[in-house]
Amino acid sequence: VRQKVAWLGQDLFLKEHGGEDFSFAQESQRLDFLHSQTPYFIFAKTNDLFSWREGRWQRAQEDSREHPLMKVDKIEGLHMNISIWDIAGRHKESLLLTRSSIGVKDRNVLPLKYIGAKSSQKWLIKSNKERFSIEPGDWLVHLGHKWEKIDSLGSINLYINKLNMGELFIIRELLDKNGKKYLIGDLFNASRTEKSIHQMDISKSEKKYNKPPKS
C-alpha cells in the first residue's frame, strides 16, 4: 500500500456530473491503487473504514473482523493519515500520504479537425481518420492517438470505472473568430482530479503532400 497508492484529490468529474448515484464520491477523496493487474480506486473521507477482501480494499461490512482493516484517521491540507490492522487486530501500521498532482495536459491532446456544419448547433469533425458529429454538451475522451465520443451507457460506464483512461473534453460551444474556428469546453485530466477551460483550434487543415514527379 505504501508504494502503490496515489492520492490526487477529489474526482471532479463525478462531483459535477455524477448525480445522486455517485453522491458518496462527491465529498470524498479518491485513492488509486496500482498493486493489482487491474488498477482500481476507492472514495474515502475521515473515519471511513475499509477491509481487504478478494485482493482489494472495499468498504467495510459486517464480516470485517475476518479481514485486515484500513481506516482514514485524518485528512488535513496535503496530508492524509491512514492506519492498517492485521486480521487479529494486534499489528498496526500508520501511513502518511501526500496529495500529488499530474495536471491537465492540455498541450499534449491532439486537435480535432473541422469538416463542416450539419446545423447551427451540430458540427462534423475528424479525429485520426474517423468522422463524427458533435454538439454542445457532448463528451469526448482522449485516448492518446485519437478522440472518441462517449455516447452510450457502455462507454460511460467504461470511462467512469477505468482508471486514468484519458483526458475528457466536455464541449460548451464553437466560436468563429478572425477566420478560425475554436471549440470551447471543460478539459478534465486523466485522473479527473483537475479541470481547466480549454480552447481548441479546430480550423487547422491536415497537411497535404505533393506526389514526387515521375522520373
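The values are calculated or read from the model by the stated rules, or taken from the named source; none is laboratory data. Fair warning: this is a prediction, and the values are worked out from it, not measured in the lab. Glycine gets a Cβ as well: all are built from the backbone with ideal geometry, and neighbour counts include every protein chain shown. For the accessible areas, the whole protein counts, side chains as well, though only heavy atoms, and no ligand, DNA or RNA atoms are used. Shrake-Rupley method; radii C 1.70, N 1.55, O 1.52, S 1.80 Å.
What is the sum of charges, Lys and Arg at +1 and Asp and Glu at -1, for the other residues whose Cβ falls under 13 Å from the Cβ of residue 14?
-1
Charges at C-beta only: +1 for Lys and Arg, -1 for Asp and Glu. How large is the resulting dipole of the chain about its Cα centre, in Debye rounded to 20?
It works out to roughly 1380 debye.
In square angstrom, rounded to the nearest 10, how much accessible surface does residue 114 have for a 1.4 Å probe?
60
How large is the dipole of segment 86-147 about the Cα centre if only Lys and Arg carry +1 and Asp and Glu carry -1, each at its Cβ, rounded to the nearest 20 debye?
280
Please give the contour-minus-distance gain from residue 157 to residue 88: 0.36 nm per residue of separation, less the Cα-Cα distance, rounded to one decimal in nm. Could the numbers behind the result be given before it?
Details: separation 69, 0.36 × 69 = 24.84 nm, distance 3.73 nm.
Length gained between residue 157 and residue 88: 21.1 nm.
State, in angstrom, two size descriptors of segment 68-147 derived from its alpha carbons: Rg to one decimal place and Dmax to the nearest whole number.
23.3, 67
Considering only 33, 60, 44, whose Cα is most displaced toward the positive end of the charge dipole of segment 2-62, charges sitting on Cβ of Lys, Arg (+1) and Asp, Glu (-1)?
33
How charged is the neighbourhood of residue 72? Take every other residue with its Cβ under 10 Å from the Cβ of residue 72, and add Lys/Arg as +1 and Asp/Glu as -1.
On the way: positive: 45, 71, 74; negative: 48, 73.
Result for the neighbourhood of residue 72: +1.
Using the Cα atoms as the points, what is the convex hull volume per residue of segment 11-147 in Å³?
In segment 11-147, the Cα convex hull volume per residue is 164 Å³.
Explain nothing, just compute: Karplus ³J(HN,Hα) = 6.51 cos²θ - 1.76 cosθ + 1.60, θ = phi - 60°, for every residue of segment 78-95 in order, whole Hz, x for Gly and Pro.
Residue by residue, segment 78-95 yields 9, 10, 10, 9, 10, 10, 10, 10, 6, 4, 6, x, 9, 10, 10, 10, 9, 10 Hz.
Calculated from DSSP H runs of 4 or more alone, at -39500 (n - 2.57) each and per residue, what is the 222 nm mean residue ellipticity of the chain, nearest 500?
So the helix-based figure for the chain works out to -2000 deg cm²/dmol.
Distance from the Cα centre of segment 1-46 to that of segment 170-205, in angstrom?
With segment 1-46 and segment 170-205 each reduced to a Cα centre, they are spaced 26 Å.
What is the sum of charges around residue 156, taking Lys and Arg as +1, Asp and Glu as -1, for the other residues whose C-beta is under 14 Å from the C-beta of residue 156?
Every neighbour counted, the sum reads -1.
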